[in-house]
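To keep things clear, I will list the structure first and then write my remarks on it.
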Amino acid sequence: MDSTTMIEAQARHQIAERVARASSPTVPASPRRHRLAQGLRRFADKIDS
């Protein structure tokens, strides 16, 4: 495999990864207050048990 073919294969691979990343659904960021409440609930559960 010569260097041009290898570079083209790598470019195709990188483009495919970028397309896959761009088309995958994003994880919705939960509001900070909601995350804090979840952490406090978990902490309270550990204390209770």
Quiz item: Got at least one residue in segment 32-43 being polar (S, T, N, Q), assigned to a helix (DSSP H, G or I) and either in contact with a strand residue (DSSP E or B) (Cβ under 8 Å, 6 or more places away or on another chain) or modelled with pLDDT under 90 (or both)?
Solution: no
Quiz prompt | Enumeration of residues in segment 9-31 that are in a helix (DSSP H, G or I) and within 18 Å of the chain's Cα centre (by Cα) | solution = Gln14, Ile15, Ala16, Glu17, Arg18, Val19, Ala20, Arg21, Ala22, Ser23
Exercise. Report, ordered by the first and then the second residue, all pairs with beta carbons closer than 9 Å, sequence separation of six or more or different chains, a first member in segment 1-27 that is free of Cβ contacts under 8 Å to residues at least 60 places away in the same chain and surrounded by 10 or more Cβ atoms within 10 Å (Cβ to Cβ), and a second member that is assigned to a loop (DSSP other than H, G, I, E, B) and of a type outside the set (Ser, Thr, Tyr).
Key: Ala9/Met1
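The values are calculated or read from the model by the stated rules, or taken from the named source; none is laboratory data. All of these numbers come straight from a predicted model, not from anything done at the bench. Neighbour counts are summed over all protein chains in view; Cβ atoms, including those assigned to glycine, are modelled from backbone coordinates with ideal geometry.
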